[in-house]
1. Tell me, please, whether a residue that is assigned to a loop (DSSP other than H, G, I, E, B) and closer than 24 Å to Y152 by Cβ can be found in region 43-53.
2. Identify, from the list E39, E87, E78, the residue that is modelled with pLDDT of 95 or more, under 25 Å from N139 (Cα atoms) and part of a helix (DSSP H, G or I).
3. Take the residues of region 99-125 that are in contact (Cβ under 8 Å) with a residue 12 or more places away in the chain and not in a loop (DSSP other than H, G, I, E, B): which is most open to solvent (accessible area, probe 1.4 Å)?
4. Y124: under 22 Å from Q28 (Cα atoms) and among the hydroxyl-bearing types (S, T, Y), yes or no?
5. Is it the case that M31 is within 30 Å of D141 (Cβ to Cβ) and either buried (at least 18 other Cβ atoms within 10 Å of the Cβ) or in contact (Cβ under 8 Å) with a residue 60 or more places away in the chain (or both)?
6. Sort out which residues of region 139-180 are assigned to a helix (DSSP H, G or I) and open to solvent by 70 Å² or more (accessible area, probe 1.4 Å), and write them in order of number.
7. Please count how many residues of region 50-71 are over 20 Å from M121 (Cα atoms) and under 12 Å from the mean Cα position of the chain (by Cα).
8. Considering each of M179, M90, M121 in turn, give the residue that is under 20 Å from the mean Cα position of the chain (by Cα) and over 27 Å from E60 (Cα atoms).
Amino acid sequence: MKSLKFISFCFSLALCVSCNAQDNKEDQIKMALLAAPVEVRDGAHVYGFDENGKFITLREGTNGFIVRSDDPNQEGFEVVCYGVDAEPFMARGRDLKSKGKGRAEILNIREEEAEAGTLKMPNYGSVLHIYYGQNAKYNPDTEEIEDASYRYVIYTPKATQASTGLPLRPNGPGHPWLMFPGTHRAHIMITPPEGN
């Protein structure tokens, strides 16, 4: 009788763990989609992380947009959205990171490959949406991200101040500016003031 109760307990526990894993998956999908424009959320491809922190697909996409849930292996909070044209660039970064490469090394390797034409860069004008915050968190009860800020990164490989007319630092809160001008990773940064 005791063994039957124990087996029943183990079965219930397994179901509970399965439910929690499913809830976590659904929460990851919901939080990741908040980085995307409302119009593309329903069909976006969703990346997230399994219970061991491994990068996985949580939902297949249908509309050319990709979102990624917050990485539990990283400090702070960040969910992102980008177009499929940026996926080769993003995937290469993930691959190099999985091989133990640091941030500076990843930047250098991708720059060399971009210059050599072996790494496909995001299209000129492609946008990366970032919803982030050092102390930000997703609230599953309200299905909102709390204490987070938003940032837009508009890819403009090789763009310069002369070619864009943009300053190399923001003129004020929320103003666009050009970062890394003249390089493969040149991009326009727009960070709306907090609370907007």
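The values are calculated or read from the model by the stated rules, or taken from the named source; none is laboratory data. No experiment lies behind these values; they were computed from the predicted model shown. Cβ atoms come from the backbone with ideal geometry, glycine included; neighbour counts cover every protein chain shown. Quick note on the areas: whole protein, heavy atoms, side chains included, nothing else; ligands and nucleic acids left out. Shrake-Rupley method; radii C 1.70, N 1.55, O 1.52, S 1.80 Å.
1. Applying the first criterion (assigned to a loop (DSSP other than H, G, I, E, B)) to region 43-53 yields 44, 50-53.
Filter once more, so that each one left must be closer than 24 Å to Y152 by Cβ: 44.
Yes, some residue in region 43-53 is assigned to a loop (DSSP other than H, G, I, E, B) and closer than 24 Å to Y152 by Cβ.
2. Details: E87 fails: under 25 Å from N139 (Cα atoms); E78 fails: part of a helix (DSSP H, G or I).
Of E39, E87, E78, the one residue that is modelled with pLDDT of 95 or more, under 25 Å from N139 (Cα atoms) and part of a helix (DSSP H, G or I) is E39.
3. As a first pass, look at region 99-125 and keep what is in contact (Cβ under 8 Å) with a residue 12 or more places away in the chain: 106-107, 109-111, 113-115, 119-125.
Within this subset, residues satisfying the condition of being not in a loop (DSSP other than H, G, I, E, B) are 106-107, 109-111, 113-115.
Details: I106: 19, L107: 30, I109: 35, R110: 32, E111: 59, E113: 39, A114: 24, E115: 105 Å².
Looking at the filtered set, the residue picked out is E115.
4. Values: under 22 Å from Q28 (Cα atoms): no; among the hydroxyl-bearing types (S, T, Y): yes.
Answer is no for this residue.
5. So M31 passes the test.
6. Taking region 139-180 and keeping what is assigned to a helix (DSSP H, G or I), we get 161-164.
Across region 139-180, the qualifying residues are Q161, A162, S163.
7. Here is the first cut: in region 50-71, the residues over 20 Å from M121 (Cα atoms) are 50-62, 69-71.
Now drop any that are not under 12 Å from the mean Cα position of the chain (by Cα), which leaves 55, 69-71.
Residues flagged as over 20 Å from M121 (Cα atoms) and under 12 Å from the mean Cα position of the chain (by Cα) within region 50-71 amount to 4.
8. Working: M90 fails: over 27 Å from E60 (Cα atoms); M121 fails: over 27 Å from E60 (Cα atoms).
None of the others qualify; the one that does is M179.
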